[in-house]
Ligand SMILES: C[S@@+](CC[C@H](N)C(=O)[O-])C[C@H]1O[C@@H](n2cnc3c(N)ncnc32)[C@H](O)[C@@H]1O
Ligand SMILES: [Zn+2]
């Protein structure tokens, strides 16, 4: 292995591989890294520290697990930056990663609270939780998290636990390979301006099903889509009657590339309705379908309000991007039952140059609509107005 380099992230100093030697043309670390570390994922880890801290405001945490640990930076940040003296166990199948993660535990003098075990995550999740289940499991793989979900759910405390899940297989989740998405996530993905929201909803859908298979219900606390990944934080509990009721949050998204109409149909509705209403009566484009997927809210409002308090109180050292994204999440967290529209796409349809996104939000609110920017797409506005109504407002702004 090449010489290790020292990094600082959040409040933790640690060692990892010299990533400058192993990045692709887009600056992303490649699979050739002897031990995986991606500094751009600092935003993901910032939010993970914030949301675990938030979760701990109301609940006791005694034991957490990171089954795909790499250098261990994520767990070290939990141990150093979140309150409490919970313990942690990390796994990795790569012996070099285990060596580096152990070194980092020693550097932080955390040997009393953290253990690193070499082996396969799926097996270790089950064996290491046999005596005592985990309060929090963080699945942060390279690619799809689906192979680890069943063991992860089974390793969590049945009374209630937290699960954080990252997916980086974006070509699958974003509609380049919709049939692979159907196989892995149980729903078709779709290439549209709302593709990243569909990616999030497909991931939630898969977790809902794996949890449901094990008689657990899910509560989606927060969602994140940025860079080349999506991430969700969910609390899960063994209560099958709640999981049964949650079937009403499973449905499909219909989208017309002609007029930008987006419609959400629950599985129950699909049985009743067979027509798609276009935004413009003359539009004859065929609507496209994504799903089945999760159609419920993407955030828990109370959890996000608590996260806002934790953010203000905590002396975190988060990146500027983390703060910017968090502000957008707070603005949209009450409105995720509505789709978002891409202002630039609506402008292209009308041959208009795009106005400032904030001006469109203000005009929508002035006309009595709910409207907020979304963290998922810089040019997106989430609103209860139709695509046609948003288009009209853009035309009015352009006319001055
Ligand atoms: C994306 S990296 C983890 C990054 C880390 N969570 C972080 O925040 O920096 C994925 C890790 O999973 C490990 N891995 C892959 N398959 C595994 C398996 N079946 N069991 C355990 N570890 C595995 C890889 O060696 C790699 O270190
Ligand atoms: Zn249409």
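Note on region 7-59: residues that are free of Cβ contacts under 8 Å to residues at least 40 places away in the same chain and either in a loop (DSSP other than H, G, I, E, B) or more than 12 Å from ligand 1 (Cβ to nearest atom) (or both) amount to 16.
Of all the criteria given as (1) away from ligand 2 (no atom under 16 Å from the Cβ); (2) surrounded by fewer than 20 Cβ atoms within 10 Å (Cβ to Cβ); (3) over 23 Å from residue 214 (Cβ atoms), the one not satisfied by residue 247 is (3).
State yes or no: is residue 339 surrounded by fewer than 20 Cβ atoms within 10 Å (Cβ to Cβ) and within 28 Å of residue 252 (Cα to Cα)? Taking the combined requirement at face value, the residue does not satisfy it.
If you go through region 343-371 and keep only what is surrounded by 22 or more Cβ atoms within 10 Å (Cβ to Cβ) and within 23 Å of residue 201 (Cα to Cα), you end up with 343, 371. Residue 211: assigned to a helix (DSSP H, G or I), more than 12 Å from ligand 2 (Cβ to nearest atom) and either farther than 17 Å from residue 137 by Cβ or touching a residue at least 12 places away in the same chain (Cβ under 8 Å) (or both), yes or no? In short, yes. Of the strands (runs of 3 or more DSSP E) that lie entirely inside region 88-167, not one contains 2 or more residues that are under 18 Å from residue 214 (Cα atoms) and within 11 Å of ligand 1 (Cβ to nearest atom).
So that you can scan it fast, the table gives a plain yes or no per residue for (1) over 25 Å from residue 39 (Cβ atoms); (2) more than 16 Å from ligand 2 (Cβ to nearest atom); (3) surrounded by 15 or more Cβ atoms within 10 Å (Cβ to Cβ):
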{"position": "85", "(1), (2), (3)": "yes, yes, no"}
{"position": "112", "(1), (2), (3)": "yes, yes, no"}
{"position": "121", "(1), (2), (3)": "no, yes, yes"}
{"position": "128", "(1), (2), (3)": "yes, yes, yes"}
{"position": "131", "(1), (2), (3)": "yes, yes, no"}
{"position": "154", "(1), (2), (3)": "yes, yes, yes"}
{"position": "157", "(1), (2), (3)": "yes, yes, yes"}
{"position": "177", "(1), (2), (3)": "yes, yes, yes"}
{"position": "181", "(1), (2), (3)": "yes, yes, yes"}
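A single entry from 182, 202, 224 fulfils the requirement of being under 24 Å from residue 75 (Cα atoms) and either in contact (Cβ under 8 Å) with a residue 60 or more places away in the chain or part of a helix (DSSP H, G or I) (or both): 224. Selection of first residues in region 233-250 that are part of a loop (DSSP other than H, G, I, E, B) and of second residues that are buried (at least 18 other Cβ atoms within 10 Å of the Cβ), restricted to Cβ pairs under 8 Å at least 6 apart or on distinct chains, gives the following pairs, ordered by first then second residue: 239/216; 239/217.
Report whether or not residue 324 is within 16 Å of ligand 2 (Cβ to nearest atom) and surrounded by fewer than 18 Cβ atoms within 10 Å (Cβ to Cβ). So residue 324 does not fit the description; no.
For (1) within 16 Å of ligand 1 (Cβ to nearest atom); (2) more than 25 Å from residue 334 (Cβ to Cβ); (3) at pLDDT below 85; (4) buried (at least 20 other Cβ atoms within 10 Å of the Cβ), each residue gets a yes or a no:
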position	(1), (2), (3), (4)
254	no, no, no, no
269	no, no, yes, no
273	no, yes, yes, no
278	no, yes, yes, no
289	no, yes, no, no
294	no, no, no, yes
297	no, no, no, no
300	no, no, no, no
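Here 29, 34 are screened, and the one residue that is within 15 Å of residue 73 (Cβ to Cβ) and either at pLDDT 95 or above or in the same structural domain as residue 72 (by TED's automatic domain parsing) (or both) is 29.
The values are calculated or read from the model by the stated rules, or taken from the named source; none is laboratory data. Owing to the predicted nature of the structure, the values given are computational and were not obtained by experimental measurement. Note that each Cβ is placed from the backbone with ideal geometry, even for glycine, and that neighbours are counted across all protein chains shown.
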